[in-house]
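Novice: One structure follows; several queries about it will come next.
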Amino acid sequence: ENIEAHVISILFKDGSLYSVVEDMLEKNSFGWVPFGNIYEAICDVVESDLYPDIDTVAHNLERKNLLNSLTIPATKITGREALDYLKDMDSSPDLIENYAFQISELRGGRQLAALADKMKKNLESGKRPIEILAMMDYESGKISAYVGSPSQNTRTSKDVAENNIKQFQDTLNGKSRYIETGLKFWDEFAGGIAPRFYLIASEQNEGKST
């Protein structure tokens, strides 16, 4: 049976297990839209400091006008009966973390397939290889971060902060001329962002961003 359905079923049986999967899953993790909507409702209930049982989740879905249109894939079971069907499934709470991991892996696979299709369409539309590679570099980095794979193109916030502090200290100690902004022409003109700072001001729509 569908592992996404099993995760929902387990959470209906024991809402406290939400803490096991809250950092692993989100609405878009689910390939089946109905299950994604149910999971989002569970998240909403928890964020409202309520216990995520079948009744509170049903109320949340009804408030969003999603309950009556809810249908279990490959069945004709809809609405509140669909929620009851999910709760009554034979699901093992001990497997919820394993299920959540599999759902994350499947989402990563869908994202890679979508990226490959996007690359193909960009090639067919005549985009330059360098543009396509830049897009792939950015998008694949996001996928790597989601599935927990190390990437040379992504860094943690801790690494970025430590690097910025080191660069600032090197500048103060005379080891570097300035802190780079990433805009070469500006660094050469203004000396980076240290030791001098520049404030750019103008009226709205007069080119501050440019």
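The values are calculated or read from the model by the stated rules, or taken from the named source; none is laboratory data. Source: prediction; values computed, not measured. We place every Cβ from the backbone using ideal geometry, glycine too, and count neighbours over all the protein chains shown. Ligands, DNA and RNA are excluded from the accessible area calculation, which covers all protein heavy atoms including side chains. Shrake-Rupley method; radii C 1.70, N 1.55, O 1.52, S 1.80 Å.
Novice: Has the range 123-143 got any residue that is of a type in the set (S, T, N, Q), modelled with pLDDT of 70 or more and more than 21 Å from LEU25 (Cα to Cα)?
Specialist: Yes.
Novice: Okay, next question. Find all pairs meeting these conditions: Cβ atoms under 8 angstrom apart; at least six residues apart or on different chains; first residue within the range 80-98 and under 15 Å from ASP14 (Cβ atoms); second residue open to solvent by 80 Å² or more (accessible area, probe 1.4 Å) and not hydroxyl-bearing (Ser, Thr, Tyr).
Specialist: LYS87/LYS13; MET89/GLU1; SER91/LYS13; PRO93/LYS13
Novice: Looking only at the range 97-119, which residues are more than 14 Å from the chain's Cα centre (by Cα) and acidic (Asp, Glu)?
Specialist: GLU97, ASP117 - these are the residues of the range 97-119 that are more than 14 Å from the chain's Cα centre (by Cα) and acidic (Asp, Glu).
Novice: Moving on. Quick one: how many residues across the range 47-73 are within 20 Å of GLU4 (Cα to Cα), in a helix (DSSP H, G or I) and out of contact with any helix residue (DSSP H, G or I) (no Cβ under 6 Å at 6 or more places or on another chain)?
Specialist: 1
Novice: For the range 99-143, how many residues meet the condition of being assigned to a helix (DSSP H, G or I) and free of Cβ contacts under 8 Å to residues at least 40 places away in the same chain?
Specialist: Residues in the range 99-143 being assigned to a helix (DSSP H, G or I) and free of Cβ contacts under 8 Å to residues at least 40 places away in the same chain: 31 in total.
Novice: For residues that are open to solvent by 80 Å² or more (accessible area, probe 1.4 Å) and acidic (Asp, Glu), tally how many sit in the range 69-85.
Specialist: The total comes to 1.
Novice: I'm checking my understanding of the structure. Among residues of the range 86-108 that are more than 20 Å from ASP23 (Cβ to Cβ) and not charged (D, E, K, R), which one is surrounded by the fewest Cβ atoms within 10 Å (Cβ to Cβ)?
Specialist: Residue satisfying both the conditions and the ranking: SER92.
Novice: Kindly list the number of the only condition in (1) open to solvent by less than 70 Å² (accessible area, probe 1.4 Å); (2) without any contact (Cβ under 8 Å) to a residue 24 or more places away in the chain that fails for LEU50.
Specialist: (1)
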